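Notes for the one structure printed next.
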Amino acid sequence: MAEEPGPEPGSGSFSSAVNGGKSIEECQDMIRRSLRSPMVKFLREHLEKAGCVVGDNFIKAVHCKKLISGGYVRGEGIMVCSNHMSIQDEVNQVVIHELIHAYDDCRAANLDWANCAHHACSEIRAGHLSGDCHYKRELLRGFMKIRGHEQECVRRRVMKSVIANPYCSEAAAKDAMEAVWDVCYNDTQPFDRAP
């Protein structure tokens with residue numbers, strides 16, 4: 001079984017799956033179904049328009065030892081942690097989230113995943129644009145507020161991810177997130193607006 005790449009130079013999504021998840025083969029089938037979803041098709045098309053080739057093996061199912069849902073690693077592609085996936089929606093969300101990181105990596109010639117501000121910016125965008133923080137998902141996670149839940153969720157998930165970066169302390173992650181928040185939260189490319 002494959003192991004996930006290390007946290008550098010990419011980013012990771014955190015897992016909420018229980019009961020051992022899916023086999024690599026089952027997850028690979030779920031990834032194939034994901035590739036037919038409109039949002040995934042849209043992001044793949046825009047990656048290619050930006051000059052980044054997304055081959056057949058760009059998104060793959062792997063067995064992960066860490067408690068993450070997946071990740072993106074420059075030069076390797078997207079991994080989906082089969083053992084942390086339970087349902088199709090989880091796979092779709094990981095693929096969408098990580099495709100936004102891949103798009104950011106593609107369009108920014110100088111993106112440095114070891115730079116806390118760069119990492120935070122891509123996490124802000126992925127959290128905001130992917131639907132990770134939709135109120136229904138937050139309710140299922142046990143988090144709910146009437147107002148401001150989406151930004152609070154994005155902030156929480158950005159911190160969790162950037163703190164996992166070996167180059168970013170908790171203080172550095174918080175400072176980086178605050179420094180880039182407005183610009184990155186309002187950057188909706190390749191979408192016209194936040195979906």
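So, in region 150-195, how many residues would count as being more than 19 Å from the chain's Cα centre (by Cα) and at pLDDT below 90?
Within region 150-195, residues that are more than 19 Å from the chain's Cα centre (by Cα) and at pLDDT below 90 number 1.
Is region 114-124 home to any residue that is within 16 Å of His149 (Cα to Cα) and either under 14 Å from the mean Cα position of the chain (by Cα) or of a type in the set (Val, Ile, Thr) (or both)?
Checking region 114-124: at least one residue is within 16 Å of His149 (Cα to Cα) and either under 14 Å from the mean Cα position of the chain (by Cα) or of a type in the set (Val, Ile, Thr) (or both).
The values are calculated or read from the model by the stated rules, or taken from the named source; none is laboratory data. This structure is a prediction, so every number in the text was calculated from the model and none was measured.
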